[in-house]
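Beneath this line is the structure, given in structure tokens, with notes to follow.
The values are calculated or read from the model by the stated rules, or taken from the named source; none is laboratory data. Just so you know, these numbers come straight off a predicted model, no measurement behind them. Note: ideal-geometry Cβ built from the backbone for every residue, glycine included; neighbour counts use all protein chains shown.
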Amino acid sequence: MDAANSPPTRGNLPPPLAGEDQARGDGGYYDYPVVRRPVWTWEVPAYFWLGGMAAGAYVTASLAHGFGSADDRRATAGGYYLAAAALVPCAPLLIADLGRPDRFHHMLRIFKPLSPMNLGAWTLTGFTPIAFARAASHAAGTGLLRGPLGALARLVPTRLAELAGCALGLTLAGYSGVLLAATNIPLWAKSKLLGGLFMASALASGSAAVTLQAARRGAPDATLHRLAALESAASAGEIAVLAGYLTQSGRTARPLTRGRFAAPFWLGAVGAGAVLPLLLHRLAGGRRGRALQSLSAVASLCTIAGSLALRWSIFEAGKDSSEDQSASFELSSG
Amino acid sequence: MIDAYKRLMNVESPPPPKRARGFFTDTSLCIGCKACEVACKQWNQLPADGFAMTGNSYDNTGTLGATTWRHVQFIEQAKANSSRQDQRWLMMSDVCKHCANAACLEACPTGALIRTEFDTVYVQQDICNGCGFCVPACPFGVIDRAPKHGQFEAGTAHKCTLCYDRLKDDMTPACAKSCPTASIQFGDVEELQERARHRLAELKARGETKAELYGMPEGKEATEVGPLHAFFLLLDRPHTYNLPDIPRLPRQTMAQRYGWSAAVGVGFALIGALVFRGRR
């Protein structure tokens, strides 16, 4: 318990720009932070990434099942398996991050959508069984799941599971950014767009996961082109929302854009995660067969990795941002 | 059936409301003795935080935290070559503000954080599962989670309880009881507010032009979090004491944030429908 309370240093923040010193020394109490550093660890961004990807994959597969051709349905059905698989570690990650993991069920003690944390716990609780039921139903349809379990899985109303799963999945993909933003950490709270940014990133990574499995299993060219169009739309949307987010955040975003996490953010989340996949999909646009499959697969891997880089860098830079006294004063200036 | 459920889930009806209690911390009377810090630690059996020297005046406490519920700040105001009249040594005993609209309470997903019959904000230690959401939600940086593997109430959130146990027995909270200069005054919030207005007028009349109240219902700091049930008389701008001008309540902008998130999601679904449409 040595010096548990001594205030953290501002050593993690990027140095002030030239001529910015006056603005920094805002007459606060020494250089002590105004707000507390979040106590969350790596489990949280990992969960946001996996949960978002599961939701995105489920929504993409459901869109293809609702509107697409028989080829589209066949090629994207693996998205239901991916959604279920990505959800497996989600609850354990969330529980591991609690200060008292043995009391995880207290999350469901009340229903309080005013608290994004409570809303998210309920959404995950609702979405996980639906995603598993839909995956089981597909497995039963292809003959992978036999016997009494298969018979049970055949009873799942697929269209209803798709609709309910999409509603819950979009909530799961969208609440995580709002949760971080519903705090007083300048980097997370200043802009109104963090929820939208995480939503776009989740849908990009989810559709990328569907593309990846479709490309690996040799899906028809037409389906891959459609998936590439959808994934590119999500990536383009992500870049647009990110631009808005950085503009709204202004100087507050510096722990992210210039701090310790500038490299994973710019190179990982923006470069490899959004810009490169857009270019690769464009390059794949006129191609067919194996070339298309390989290019799609590489683009999708980049999107998925970039999605993790985005959550992780914004999450970690947010902790540094909590030490930014002048950003806190700016955030609370009305 | 409902009765059985209530027994199973330990659902009790809350005690009848009492008059709102709170603190009026008059920093013009604080002498920086830290008796409040010590009394708080002693009564609430909070462990020591070590012996780190910060080098910032007499403040070796640093910040409020899981095991520090009163924190005396020391602000040395002295410019080079200034006359003695311009030099001031400000002291202020900081504490949980027990906001009327508390961000921590709204963030809490388990219902561990409650409003008591005294209108104070309290963490139920047997309910809190240490999710940590209240920690960055507080605009004042008050509440904190005890280390997961520490000796003291590991893994749950802690902050000033306004000595809930003492209040139940009609006793004054430990810090106010120990304050030798009546800098920390405990009582009914409305009566304390009246007292604070008188005190401010008195100080202004004596020439303390920079004195102001922080946390009163009419103050701009009450815009979002409401009146603070632990409020202050300050001798300088709030920033001097690391207090935000308008402490934010995250709920205020949450609908807008969900709106942007939903817009992106719906946009994706529409594009997806267009991309796949008519290929049956």
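Can you work out which of the residues in segment A:86-118 that are more than 7 Å from every other protein chain (Cβ to nearest Cβ) and among the charged types (D, E, K, R) is surrounded by the most Cβ atoms within 10 Å (Cβ to Cβ)?
Ranking the qualifying residues of segment A:86-118, first place goes to A:Asp97.
Which residue out of B:Lys97, B:Lys18 is within 27 Å of B:Glu153 (Cβ to Cβ), touching a residue at least 60 places away in the same chain (Cβ under 8 Å) and surrounded by fewer than 20 Cβ atoms within 10 Å (Cβ to Cβ)?
Only one candidate passes the filter, namely B:Lys18.
Which condition number does A:Leu331 fail, the rest of (1) under 30 Å from B:Arg248 (Cα atoms); (2) surrounded by fewer than 21 Cβ atoms within 10 Å (Cβ to Cβ); (3) not small (Gly, Ala, Ser) being met?
All conditions are met except number (2).
If the requirement is being in a helix (DSSP H, G or I), facing chain B (nearest Cβ under 8 Å) and buried (at least 19 other Cβ atoms within 10 Å of the Cβ), which of these qualifies: A:Leu63, A:Leu82?
Details: A:Leu82 fails: facing chain B (nearest Cβ under 8 Å).
Only one candidate passes the filter, namely A:Leu63.
With the requirement that a residue be closer than 19 Å to A:Leu170 by Cα and touching a residue at least 40 places away in the same chain (Cβ under 8 Å), what does segment A:90-114 give you?
Those that are closer than 19 Å to A:Leu170 by Cα and touching a residue at least 40 places away in the same chain (Cβ under 8 Å): A:Cys90, A:Leu94.
Taking helices (runs of 4 or more DSSP H) that do not extend beyond segment A:86-202, which have at least 2 residues that are within 30 Å of B:Val225 (Cβ to Cβ)?
Qualifying helices (runs of 4 or more DSSP H): A:90-97, A:116-141, A:158-181, A:186-189.
Of the residues that sit in segment B:225-280 and are under 18 Å from B:Phe23 (Cα atoms) and within 9 Å of chain A (Cβ to nearest Cβ), which one is farthest from the chain's Cα centre (by Cα)?
Only one residue tops the list, namely B:Tyr241.
Could you tell me whether A:Thr125 is surrounded by fewer than 16 Cβ atoms within 10 Å (Cβ to Cβ) and either of a type in the set (Ser, Thr, Tyr) or at positive phi (or both)?
yes
Looking at B:Glu212, B:Glu224, which is the one that is touching a strand residue (DSSP E or B) at 6+ places or on another chain (Cβ under 7 Å), of a type in the set (Asp, Glu) and surrounded by 15 or more Cβ atoms within 10 Å (Cβ to Cβ)? Steps first, please.
On the way: B:Glu224 fails: touching a strand residue (DSSP E or B) at 6+ places or on another chain (Cβ under 7 Å).
Matching residue, one of B:Glu212, B:Glu224: B:Glu212.
Residue-by-condition table, conditions (1) within 25 Å of A:Phe329 (Cα to Cα); (2) modelled with pLDDT under 95; (3) more than 15 Å from the chain's Cα centre (by Cα); (4) surrounded by 23 or more Cβ atoms within 10 Å (Cβ to Cβ):
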{"position": "B:His71", "(1), (2), (3), (4)": "yes, no, no, no"}
{"position": "B:Phe74", "(1), (2), (3), (4)": "yes, no, yes, no"}
{"position": "B:Ala80", "(1), (2), (3), (4)": "no, yes, yes, no"}
{"position": "B:Asp86", "(1), (2), (3), (4)": "no, yes, yes, no"}
{"position": "B:Ala102", "(1), (2), (3), (4)": "yes, no, no, yes"}
{"position": "B:Pro109", "(1), (2), (3), (4)": "no, no, yes, yes"}
{"position": "B:Glu117", "(1), (2), (3), (4)": "no, no, yes, no"}
{"position": "B:Val121", "(1), (2), (3), (4)": "yes, no, no, yes"}
{"position": "B:Ala154", "(1), (2), (3), (4)": "no, yes, yes, no"}
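For segment A:235-334, list the helices (runs of 4 or more DSSP H) that sit wholly inside it and hold at least 3 residues that are more than 13 Å from chain B (Cβ to nearest Cβ); which are they?
Hits in segment A:235-334: A:254-257, A:276-284, A:289-321.
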